[in-house]
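Encoded as structure tokens, here's the structure I'll be asking about.
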Amino acid sequence: MKPFQLVSRLAARRPGVVTAVLLLSLIPALLLSSGLVFKNDFADLLPADTPAVKEMHEVMDRSGGSAYVIIAVSATDLPLAKKYALDLDAALTRLDPVLYVQSKMDLGFIRDRRLLYLPEKDLHDLVDRATAWIDKRTAAQIPGYVELEEDSGEEESINIDELTDQRFRDARLPRDEFLIGNDGKFLYVFIRLKGAVTDMDSSRQALADIRRAAEDLRDGVKYPLDLTLHFAGSVPIRIEEDEIMRRDLQSASLLGFVSVVLLITLYTRRLRSLVLLSLPLIISVAWTFAIARMAYGHLNIITGFLASILSGLGIESGIHLFLRYLEERGHGKDNEQATEETILTTGRSVFSGGLTNAGGFLVLCLASFAGYQEFGVLAGCGMLIVACVSILFVPSFNELLEKWLPVKIRPASDSHVNGIHLPRPLRTFIVALVPAFALFSVVQVMSGQVVMRTNWREIKGESPASDFDDYMIQSLGGSFTQTLVLMANPGEEKALKQAVEDTRRARMKQGLPSGVTRVVGIGDLVPPDQDKKMGLIEELRRQLDRVKPEALPDADQKLWREARELTNVSPFTHHDVPDSLKRRFEDSNRDPRMLVLFTRYMFYETEEVIAWADEMSEIRAALDKTRKEAHLLSDNWIAGTIFRVVAGDGPFVVLAGFVAVFLVLLLDFRSFRHAAIVITPLVLAVMCILGGMSLLGIQLNFINGIVLPCITGISVDNAIHIYHRYLQGGPSSVPQVLRHTASATFLASFTNMLGFGSMIIAHHKGLRSVGELAILGISIAYVCTSIFFPLALQALSRENPRPNHQTTPEEASLEESQAA
């Protein structure tokens, strides 16, 4: 006995057993899926052995943490804001999750020791200029002194500020000890936290503690209650985006599911369809989530809307099965006969469609992008599960309902419906339009009109922290996101800096952009060769002591005192440097093993992010050549790697998807010709979708890119059902195909549009783009596979449809035998 015959008899004769087993399977599925969490970290979208990810974990384990929070304090009353920042610093430092706080930089430490920071050559020059100035001043104090040489007008000076100011501008030290935006509106306090921002529970607790401490200071006495505060940084942004994405996914999934079920209920005018179509989806989604929990333990940004996808694609199976059952009952068959016939005919198409969809998704496992790999596994398994569950559950449970609550169905003689006969000019127009638009789409793609979205910030979530972060970047002229280099040995700082500099110069020489502007470490705070410099400083002090300050003019007395005070220094180590200056260069053990790379990039454009990732990979290779152990941490290295991997995977995934679909079609129809015929409208649909995107200005991104394989699945599913019915009835059955099968595929496509299109209500721009592309793509896919395809088959055949042709019992019997 063939598999579908066995399933049909089992569902028709043992419906209670089949239904009970499937419903009881929910219990282990729900138990296995419990504990499934959602992660929106970019690092989870790449394989664990990706260099950027491996380096991140190495640095995270040793640096103490990369998560940070920024509190912006209103600077309308600047003195008050500074006092608040210092009190906030003291309060936050006592919190356990806080690694360190930077509210004020002790620039006085550097300015008091600025002579030691000068290069030895500049210090020599300063001593020579001061000696000449002192010689002139001491000679002027001798009675009867007459200057014999003509004054050149360029007098030597000992104005240390003037001589060292350029040096400190080159080092880009802030002029104010507090970090204040260029517009003067806010003063910023930086808080580095322990752990990673991806640890959402710890991050939420840490942010709550920080908010509480900040609020407690606004007591209405020392600080006003209405003192404006804004919270930004990686932790608030990640938490708000996580909440937004969770809320968007939940609301969109619920809206899509309810909309789909209500649509089916209204279309069939039977309440039982609400249960018949929703229960298989619930069972299938539960088992898919169980697989996700066992295989990965979490859902990511890509797999997060898996429920919507399975609801949209999976409900097609139930729709076709239920409508075919009603059609068979309309032909006068009893419950058992209609159930068996539904499984023998439409059940095979449903399984073929599910297998084809699964093949299209599973091919994503070959992608380098872990986000696509996980999605391919889960979506592929989910499509197989929902097809099998629908084939077993819908006819079986419907059989039980018919026994308990029989529904009167009008016989074929009463429900006789003519096929849809389109005028020849309209048929010709549709058959010509689709290939013409596909050709136009090819031209648009080749001319570069269909591109990936270049500004990745345009697909991020909209949240207060994220919006304020954009403002803050503009106000400060740069991002707080830093690239860290973890050194195994602090003594290797110079060699590692040189490796970074060599990489930068090599890129510039090749005409490639370099985002690195400077590399800063503890060595920039502890100047080298201090003993040698002390000899020059002592010489400067001796020269200054030759002067009698009381004999100098008031202006010169001030210069003398300032210069003399600066010579009262002694050599120091990093232990003497204030925490506000050195803490960012220390690891979790307070060892000075961190370098900070500063960049000119704002990281708005994808090109910048990708270029930065390339440069980080080159720096990684240069560090390896030094044979010194060092590790890089850069969030934008990870983001750039994702964009490059997605761009590289794209053509391969599309081609492999088509190959997989074609092989499954070949297996189903066992004919190269039939498989080629079915895949043709699928190819045209994809081409037309790209053309529609160019006309409407819809751009691809790494989130909505996953919609294209889904639309491919919808297209091939429609084409399979259309072609199976066409083969059963021949060219003369096209009007009936348009009336029955195309109506069913319209309902299925519209439910898919509701499932995916529900994303359009999302606040997260990336998720919203999924809904936009889905609505466009599914609409075009339906036209190509369910209207153009049967009309093209009819136009290419020699047999003309018979006007007002109606399916007779003899033709129905022929269809049954062909299907069997």
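The values are calculated or read from the model by the stated rules, or taken from the named source; none is laboratory data. Predicted model only: the values in this text are computed from it and were never measured. In this analysis, Cβ positions are derived from the backbone assuming ideal geometry, glycine residues included, and neighbour counts consider all displayed protein chains. Protein only, heavy atoms only, side chains kept; ligands, DNA and RNA dropped before computing areas. Shrake-Rupley method; radii C 1.70, N 1.55, O 1.52, S 1.80 Å.
Give me the pairs: first residue in segment 92-117 and farther than 28 Å from ALA208 by Cβ and among the aromatic types (Phe, Trp, Tyr), second residue open to solvent by less than 40 Å² (accessible area, probe 1.4 Å) and part of a loop (DSSP other than H, G, I, E, B), beta-carbon distance under 6 Å, and six or more apart or on different chains, which are they?
As it stands, the answer is PHE109/PRO578; TYR117/PRO527, since those pairs meet every condition given.
Going through segment 347-361 one residue at a time, which ones are small (Gly, Ala, Ser) and open to solvent by 10 Å² or more (accessible area, probe 1.4 Å)?
GLY359, GLY360
Inside segment 81-90, can you point out the residues that are surrounded by fewer than 17 Cβ atoms within 10 Å (Cβ to Cβ) and among the hydrophobic types (A, V, I, L, M, F, W, C)?
Listed by number, the residues that qualify are LEU86, ALA90.
Provide a single number: the residues in segment 537-560 that are buried (at least 16 other Cβ atoms within 10 Å of the Cβ) and part of a loop (DSSP other than H, G, I, E, B).
Count: 2.
So, of the residues in segment 130-154 that are part of a helix (DSSP H, G or I) and surrounded by fewer than 16 Cβ atoms within 10 Å (Cβ to Cβ), which turns out to be modelled with the lowest pLDDT?
Per the stated criteria, the residue is ALA140.
If a residue must be in a helix (DSSP H, G or I) and farther than 18 Å from LEU754 by Cβ, how many such residues does segment 255-304 contain?
16
When both residues are 6+ apart or on different chains and their Cβ atoms are under 6 Å apart, which pairs have a first residue that lies in segment 598-613 and is among the charged types (D, E, K, R), and a second that is open to solvent by 40 Å² or more (accessible area, probe 1.4 Å) and in a strand (DSSP E or B)?
These pairs meet every condition: ARG600/THR517.
Being open to solvent by 20 Å² or more (accessible area, probe 1.4 Å), in a helix (DSSP H, G or I) and of a type outside the set (Gly, Ala, Ser) is the filter here, so list the residues in segment 665-678 that pass it.
LEU666, LEU667, ASP668, PHE669, PHE672, ARG673, HIS674, ILE677 - these are the residues of segment 665-678 that are open to solvent by 20 Å² or more (accessible area, probe 1.4 Å), in a helix (DSSP H, G or I) and of a type outside the set (Gly, Ala, Ser).
Scan segment 689-718 residue by residue and report those that are of a type in the set (Val, Ile, Thr) and touching a Ser or Thr at 6+ places or on another chain (Cβ under 7 Å).
ILE703, ILE714, VAL716
Residue by residue, here is whether (1) closer than 25 Å to GLN444 by Cβ; (2) open to solvent by 30 Å² or more (accessible area, probe 1.4 Å) holds:
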| residue | (1), (2) |
| --- | --- |
| VAL659 | yes, yes |
| GLY692 | yes, no |
| LEU696 | yes, yes |
| THR751 | no, no |
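Filter the helices (runs of 4 or more DSSP H) completely within segment 423-536 down to those with at least 3 residues that are modelled with pLDDT under 90.
424-446, 464-476
Tell me which residues, restricted to segment 731-749, are buried (at least 22 other Cβ atoms within 10 Å of the Cβ) and touching an Asp or Glu at 6+ places or on another chain (Cβ under 6 Å).
Correct list: ALA748 only.
Still on this structure: What number of residues within segment 67-90 are part of a helix (DSSP H, G or I) and either among the aromatic types (Phe, Trp, Tyr) or within 20 Å of ALA206 (Cα to Cα) (or both)?
Final tally of qualifying residues: 7.
Before we move on, is GLU240 in contact with a Lys or Arg (Cβ under 7 Å, 6 or more places away or on another chain) and on the phi < 0 side of the Ramachandran plot?
no
Does ALA795 count as at pLDDT 80 or above, surrounded by fewer than 17 Cβ atoms within 10 Å (Cβ to Cβ) and of a type in the set (Gly, Ala, Ser)?
yes
If you don't mind, there's one more thing I want to ask. Of the residues in segment 266-306, how many are without any contact (Cβ under 8 Å) to a residue 60 or more places away in the chain and either open to solvent by less than 20 Å² (accessible area, probe 1.4 Å) or in contact with a Gly (Cβ under 7 Å, 6 or more places away or on another chain) (or both)?
Here the count works out to 3.
Consider only pairs whose beta carbons are under 6 Å apart and that are at least six residues apart or on different chains; among these, list those whose first residue lies in segment 218-237 and is farther than 21 Å from THR481 by Cα and whose second residue is open to solvent by less than 60 Å² (accessible area, probe 1.4 Å) and among the charged types (D, E, K, R).
Final answer for the pair search is LEU225/ARG218; LEU227/ARG218.
Here's a follow-up. Among the residues of segment 173-229 satisfying the criterion of being open to solvent by 60 Å² or more (accessible area, probe 1.4 Å) and among the hydrophobic types (A, V, I, L, M, F, W, C), which is farthest from the chain's Cα centre (by Cα)?
Going through the qualifying residues, I end up with VAL221.
Of all residues in segment 233-247, which are over 12 Å from ASP41 (Cβ atoms), in contact with a Phe, Trp or Tyr (Cβ under 8 Å, 6 or more places away or on another chain) and at pLDDT below 85?
ARG246
I've got another one for you. For segment 367-401, give me each residue that is open to solvent by 10 Å² or more (accessible area, probe 1.4 Å) and in contact with an Asp or Glu (Cβ under 6 Å, 6 or more places away or on another chain).
SER368
Considering only segment 720-728, I want to know if a residue exists there that is open to solvent by less than 10 Å² (accessible area, probe 1.4 Å), touching a residue at least 24 places away in the same chain (Cβ under 8 Å) and either more than 30 Å from LEU378 (Cβ to Cβ) or in contact with a strand residue (DSSP E or B) (Cβ under 7 Å, 6 or more places away or on another chain) (or both).
Taking every residue of segment 720-728 in turn, none turns out to be open to solvent by less than 10 Å² (accessible area, probe 1.4 Å), touching a residue at least 24 places away in the same chain (Cβ under 8 Å) and either more than 30 Å from LEU378 (Cβ to Cβ) or in contact with a strand residue (DSSP E or B) (Cβ under 7 Å, 6 or more places away or on another chain) (or both).
A follow-up question, please. Quick one: which residue in ALA647, ALA639 is within 25 Å of LEU366 (Cα to Cα) and either open to solvent by 30 Å² or more (accessible area, probe 1.4 Å) or free of Cβ contacts under 8 Å to residues at least 60 places away in the same chain (or both)?
Result of the check over ALA647, ALA639: ALA647.
Please verify whether segment 571-583 includes one or more residues that are of a type outside the set (Ser, Thr, Tyr), modelled with pLDDT of 85 or more and more than 30 Å from THR483 (Cβ to Cβ).
Scanning segment 571-583 turns up at least one residue that is of a type outside the set (Ser, Thr, Tyr), modelled with pLDDT of 85 or more and more than 30 Å from THR483 (Cβ to Cβ).
From ALA621, ALA563, grab the single residue that is hydrophobic (A, V, I, L, M, F, W, C) and loosely packed, with under 15 Cβ neighbours inside 10 Å.
One residue alone meets the criteria, ALA621.
Conditions: (1) open to solvent by 30 Å² or more (accessible area, probe 1.4 Å); (2) modelled with pLDDT of 80 or more; (3) of a type in the set (A, V, I, L, M). LEU708 meets all but one. Number of the miss?
Status for LEU708: all satisfied but (2).
Can you tell me which residue among LEU364, LEU344 is open to solvent by less than 20 Å² (accessible area, probe 1.4 Å), out of contact with any strand residue (DSSP E or B) (no Cβ under 7 Å at 6 or more places or on another chain) and part of a helix (DSSP H, G or I)?
The unique qualifying residue is LEU364.
Still on this model: Quick check on my filter: what residues within segment 91-116 are hydrophobic (A, V, I, L, M, F, W, C), under 21 Å from ASN182 (Cα atoms) and open to solvent by 30 Å² or more (accessible area, probe 1.4 Å)?
MET105
Could I ask something else about it? For PHE598, are the conditions met, namely being aromatic (Phe, Trp, Tyr), open to solvent by less than 20 Å² (accessible area, probe 1.4 Å) and closer than 30 Å to LEU107 by Cβ?
It is false that PHE598 is aromatic (Phe, Trp, Tyr), open to solvent by less than 20 Å² (accessible area, probe 1.4 Å) and closer than 30 Å to LEU107 by Cβ.
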